[in-house]
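> So that we are looking at the same thing, I have put the structure below in structure tokens.
The values are calculated or read from the model by the stated rules, or taken from the named source; none is laboratory data. Keep in mind that this is a model prediction, so the values were computed, not measured. Please note: Cβ atoms are built from the backbone with ideal geometry, for glycine as well, and neighbour counts cover all protein chains shown.
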2 protein chains.
Amino acid sequence: MKIKFADRMGHFRASDIREILKVTADPEIISFAGGLPAPELFPIEELKTVTAEVLERCGREALQYSTTEGYLPLREKIAARTNAKFGTALEGGDILVMSGSQQALDYAGKVFLDDGDAVICESPTYLGAISAFLGYSPRFVEVATDDDGMDPRDLERVLRSEPRARIIYVIPDFQNPTGRTWSVERREAFMDVVRQFDVVVVEDNPYGELRFQGPIFPALKSMDTRGQVILQGTFSKVFCPGMRIAWIAASPEIMEKFVFVKQAGDLHTSTISQREIDAYLEAYDIEEHVEKLVALYRERCFVMLEAMEREFPPSVRFVRPDGGLFTWVELPEGINARDLLSRCLKEKVAFVPGGAFYPNGGHENTLRLNFSNMPPERIRDGIGLMGKVLRSYSL
Amino acid sequence: MKIKFADRMGHFRASDIREILKVTADPEIISFAGGLPAPELFPIEELKTVTAEVLERCGREALQYSTTEGYLPLREKIAARTNAKFGTALEGGDILVMSGSQQALDYAGKVFLDDGDAVICESPTYLGAISAFLGYSPRFVEVATDDDGMDPRDLERVLRSEPRARIIYVIPDFQNPTGRTWSVERREAFMDVVRQFDVVVVEDNPYGELRFQGPIFPALKSMDTRGQVILQGTFSKVFCPGMRIAWIAASPEIMEKFVFVKQAGDLHTSTISQREIDAYLEAYDIEEHVEKLVALYRERCFVMLEAMEREFPPSVRFVRPDGGLFTWVELPEGINARDLLSRCLKEKVAFVPGGAFYPNGGHENTLRLNFSNMPPERIRDGIGLMGKVLRSYSL
């Protein structure tokens, strides 16, 4: 039988990253490839307690269908935490609970993108966002991005030349893949530019709470005077990813469209998981938990940076992140990170080549390293092995 | 600010059914409107046990990211149960776990439908499928449907005249909204027709296990010789809907596309909920649980049918379902079910007017009644009140 698939399916292909991640299932591999939180800090005992409590107190409601928008007490807690951390002024009604941030990206594509519309993004940008938006057949326009964030002048130039710009997708805090954070001045300059255009900003903030030192910077959403910014957050990095609980904050006009799409897309997010996280936030101090995560990731990050300084040839450059899960490596022009990967896999070390994070290709001399999922001694060993392979290129 | 939404968003509007369902949140209302399972049979105690056990035994894996395809032991159990009940020959690898059946419908639209393609469906058909597919801007072509199912001759006529037919969407068992079940002969005749065309069949089977008497009929998927049928099942009706765990079974070629779409759409379904259901299926006899559900719904259905026979004017016709959650009422031509609803709401009784289940409109003299969510005495009272209102039309 000859099956006719939709035209959009032509954009999807078997991802080499999925293949890399399959390799890393081998426990012998030192993997800097995924973006996995440290499972040793998952709040397992606390979850046992709150699950029993939720099933006891309101099992019938927790296991039944529920509203598309999400569980209001949880939405209120999300709004209050976000306001306290990122300077926003959200209420529970501004929050829509999602089945993971990836769903929020997919639905943003569905709400805003017609074939051929432009998605404006950092260069490089998050691979998962590229695949989510690809289903809606857009063009990707990369804006020049440096250590302080997206370049506002280049953004203005792009927006003037792209009347079909519909979404500006950015990760201002501890970006995936680079680990970079936008300065406060850049955030303000960015908002000054976007305010002149009728374009929506998707501000993806999965890592913002995981800051190793200094104050958290205000979200773009806190500077949003026109209902232009959709802020995305998630419990995947501060609680656990297995439950798939995330959220967006958006203006009522935008929220209505997301609710339509979610109603038609999966009815609503897991009732019981929402109730459990709500009960956890009632019963425990999640800030204490976040502090533990920060301490662990800070240590792992520092171990990785120190090892790279010691083991990598001086012509290899890397980012010093202030938080999050990732750092970013730039190899000398001649070295292809895919080639480096195949040599490193022989030494049982894995990472993600950076080319995949550029929607329009190029930059094959870059790579992403994750530091959250491996203990310090394996980080040291892995970076040591990578250094040995790098030196074999006789840089 | 003037926001440009995607053209597809023009298909979505505030649904009057959501408004009806909001009204029914009032506990005084006797609601035949939703499609809610009976919460008094949710396996709350069993879930407490298996959740504690899963977190104890494999908490770190259960709370971590996992594969898009789903948890293999659960997929294997789903395949085995489906084979035993519906005559299929599935293996674990044929199953893709979904975040609810609504997601399976949305992704079917994404995988198969370009703007203007045709979705072929029963008349009437499931409202949630209409809204899921609407996001992909198709045309809906309704095929004549009677008490024995879709009319194969009308289907053949439609398929010959619709070269852009991409999906035939059907619910052969205890259909939503009508409660009707296709005869075995009709299933065979249907498959004989579709085998002549390169079109995919989405066989939605959320209620098939809830048969009140007699043997379960074989699934269309069990007669699928060409990898043409996608079978959809769910734990929402036999376990609980709040967890949002469903699945599809499809040929490898189709499965690959669904995996791409799911990877880009929400990465994967809740790891812990999959592990919990798997542990429940290990530790308990779900067939015993299904028997309890069947006994309860059978009683409620019979109470409703008996009350309708007694209370409704003889010109009002209704379906006698062999299972599931719904029955279907046809009023004399002159009576509009929306008008009837507004009169019934004054008596604190709610149902869903049937017009919404016809994608191309009409049939405003029909309505859907749910019998699974109300105890027998409230069913008797509610039907009594409906009968009183109906008699006020002086039929």
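> So if I check each of B:R81, B:R57, which one is over 26 Å from B:I230 (Cβ atoms), at pLDDT 95 or above and out of contact with any Cys (no Cβ under 8 Å at 6 or more places or on another chain)? Spell out how you get there, then give the answer.
Numbers: B:R81 fails: over 26 Å from B:I230 (Cβ atoms).
The match here is B:R57.
> State whether the residues of segment A:263-272 include one that is without any contact (Cβ under 8 Å) to a residue 12 or more places away in the chain, touching a helix residue (DSSP H, G or I) at 6+ places or on another chain (Cβ under 9 Å), within 10 Å of another protein chain (Cβ to nearest Cβ) and not acidic (D, E).
Yes, because at least one residue in segment A:263-272 is without any contact (Cβ under 8 Å) to a residue 12 or more places away in the chain, touching a helix residue (DSSP H, G or I) at 6+ places or on another chain (Cβ under 9 Å), within 10 Å of another protein chain (Cβ to nearest Cβ) and not acidic (D, E).
> For segment A:349-367, give me each residue that is in contact (Cβ under 8 Å) with a residue 24 or more places away in the chain and either over 20 Å from the mean Cα position of the chain (by Cα) or under 24 Å from B:L63 (Cα atoms) (or both).
Correct list: A:V349, A:A350, A:F351, A:V352, A:H363, A:E364, A:N365.
> Of B:V119, B:V54, which residue is crowded, with 23+ Cβ neighbours inside 10 Å, in contact (Cβ under 8 Å) with a residue 24 or more places away in the chain, farther than 26 Å from B:D204 by Cα and within 13 Å of chain A (Cβ to nearest Cβ)?
Values: B:V119 fails: farther than 26 Å from B:D204 by Cα.
On inspection, the qualifying residue turns out to be B:V54.
> Moving to a separate point now. Just checking, does segment A:230-237 include any residue being within 23 Å of A:E162 (Cβ to Cβ) and polar (S, T, N, Q)?
yes
> Anything in segment B:1-34 that is in contact with a helix residue (DSSP H, G or I) (Cβ under 9 Å, 6 or more places away or on another chain) and within 23 Å of B:R380 (Cα to Cα)? List them, or say none.
The answer is B:I20, B:V23, B:I29, B:I30, B:S31, B:F32, B:A33, B:G34.
> Next question. For the structure I just gave you, tell me whether B:Q64 is at the interface with another protein chain (Cβ under 8 Å from one of its Cβ atoms), modelled with pLDDT of 95 or more and within 26 Å of B:L220 (Cβ to Cβ).
Details: at the interface with another protein chain (Cβ under 8 Å from one of its Cβ atoms): yes; modelled with pLDDT of 95 or more: yes; within 26 Å of B:L220 (Cβ to Cβ): no.
So B:Q64 does not fit the description; no.
> Right, something else. Among (1) closer than 30 Å to A:L296 by Cα; (2) part of a strand (DSSP E or B); (3) not aromatic (F, W, Y), which single condition is A:I167 missing?
(1)
> Just to be sure I understand, how many residues within segment B:135-157 are surrounded by 21 or more Cβ atoms within 10 Å (Cβ to Cβ) and of a type in the set (A, V, I, L, M)?
The qualifying residues number 3.
> Kindly establish whether A:A283 is surrounded by fewer than 16 Cβ atoms within 10 Å (Cβ to Cβ) and in contact with a Ser or Thr (Cβ under 8 Å, 6 or more places away or on another chain). Full working, then the answer.
On the way: surrounded by fewer than 16 Cβ atoms within 10 Å (Cβ to Cβ): yes; in contact with a Ser or Thr (Cβ under 8 Å, 6 or more places away or on another chain): yes.
Criteria met by A:A283.
> Now a separate question. Write out, first by first residue and then by second, each pair whose Cβ atoms fall under 9 Å of each other, whose residues are 6+ apart or on separate chains, and whose first residue, in segment A:236-252, is at the interface with chain B (Cβ under 7 Å from one of its Cβ atoms) while the second is part of a loop (DSSP other than H, G, I, E, B) and among the β-branched types (V, I, T).
Taking only residues 6 or more apart or on different chains, the pairs are A:R244/A:T269; A:R244/B:T269.
> Which residues, counting only those in segment A:67-88, are within 20 Å of B:P37 (Cβ to Cβ) and either within 24 Å of the chain's Cα centre (by Cα) or more than 14 Å from chain B (Cβ to nearest Cβ) (or both)? So that I can check it myself, show each step before the final result.
Residues of segment A:67-88 within 20 Å of B:P37 (Cβ to Cβ): A:67-68, A:71.
A:T68, A:Y71 - these are the residues of segment A:67-88 that are within 20 Å of B:P37 (Cβ to Cβ) and either within 24 Å of the chain's Cα centre (by Cα) or more than 14 Å from chain B (Cβ to nearest Cβ) (or both).
> Can you tell me which residues in segment B:214-232 are touching a residue at least 40 places away in the same chain (Cβ under 8 Å) and either under 20 Å from the mean Cα position of the chain (by Cα) or part of a helix (DSSP H, G or I) (or both)? First the steps, then the outcome.
Our first condition is that a residue be touching a residue at least 40 places away in the same chain (Cβ under 8 Å); within segment B:214-232, this holds for B:214, B:216-222, B:230-232.
B:I216, B:F217, B:P218, B:A219, B:L220, B:K221, B:S222, B:I230, B:L231, B:Q232 - these are the residues of segment B:214-232 that are touching a residue at least 40 places away in the same chain (Cβ under 8 Å) and either under 20 Å from the mean Cα position of the chain (by Cα) or part of a helix (DSSP H, G or I) (or both).
> So B:S15 ticks every box in (1) small (G, A, S); (2) in contact with an Asp or Glu (Cβ under 9 Å, 6 or more places away or on another chain); (3) at pLDDT below 90 but one. Which box is left unticked?
(2)
> State all residues of segment B:15-37 that are small (G, A, S) and either crowded, with 18+ Cβ neighbours inside 10 Å or within 8 Å of chain A (Cβ to nearest Cβ) (or both); if no residue qualifies, say none. So that I can check it myself, show each step before the final result.
Start the filter on segment B:15-37 by keeping residues that are small (G, A, S), which leaves B:15, B:25, B:31, B:33-35.
Answer for segment B:15-37, where residues must be small (G, A, S) and either crowded, with 18+ Cβ neighbours inside 10 Å or within 8 Å of chain A (Cβ to nearest Cβ) (or both): B:S15, B:S31, B:A33, B:G34, B:G35.
> Continuing with the same structure: Just need a number here: residues in segment A:123-139 that are touching a Pro at 6+ places or on another chain (Cβ under 8 Å) and either within 8 Å of chain B (Cβ to nearest Cβ) or farther than 21 Å from A:A6 by Cα (or both).
We begin by selecting, within segment A:123-139, every residue touching a Pro at 6+ places or on another chain (Cβ under 8 Å); these are A:124-127, A:130.
Next, only the ones that are either within 8 Å of chain B (Cβ to nearest Cβ) or farther than 21 Å from A:A6 by Cα (or both) stay: A:124-127.
So the count comes out to 4.
> Now for a separate question. Among the candidates A:R275, A:R298, A:R310, which residue alone is of a type in the set (K, R), out of contact with any helix residue (DSSP H, G or I) (no Cβ under 9 Å at 6 or more places or on another chain), in a helix (DSSP H, G or I) and modelled with pLDDT of 95 or more? First the steps, then the outcome.
Values: A:R275 fails: out of contact with any helix residue (DSSP H, G or I) (no Cβ under 9 Å at 6 or more places or on another chain); A:R310 fails: out of contact with any helix residue (DSSP H, G or I) (no Cβ under 9 Å at 6 or more places or on another chain).
Of A:R275, A:R298, A:R310, the one residue that is of a type in the set (K, R), out of contact with any helix residue (DSSP H, G or I) (no Cβ under 9 Å at 6 or more places or on another chain), in a helix (DSSP H, G or I) and modelled with pLDDT of 95 or more is A:R298.
> A further question on this structure: Please go through segment A:1-14 and pick out each residue that is of a type outside the set (A, V, I, L, M, F, W, C), in a loop (DSSP other than H, G, I, E, B) and surrounded by 18 or more Cβ atoms within 10 Å (Cβ to Cβ). Give the steps one after another, and end with the answer.
Initially, segment A:1-14 is screened for residues of a type outside the set (A, V, I, L, M, F, W, C), giving A:2, A:4, A:7-8, A:10-11, A:13.
Subset that is in a loop (DSSP other than H, G, I, E, B): A:2, A:4, A:13.
Once the filter is applied, which keeps residues that are of a type outside the set (A, V, I, L, M, F, W, C), in a loop (DSSP other than H, G, I, E, B) and surrounded by 18 or more Cβ atoms within 10 Å (Cβ to Cβ), segment A:1-14 yields nothing.
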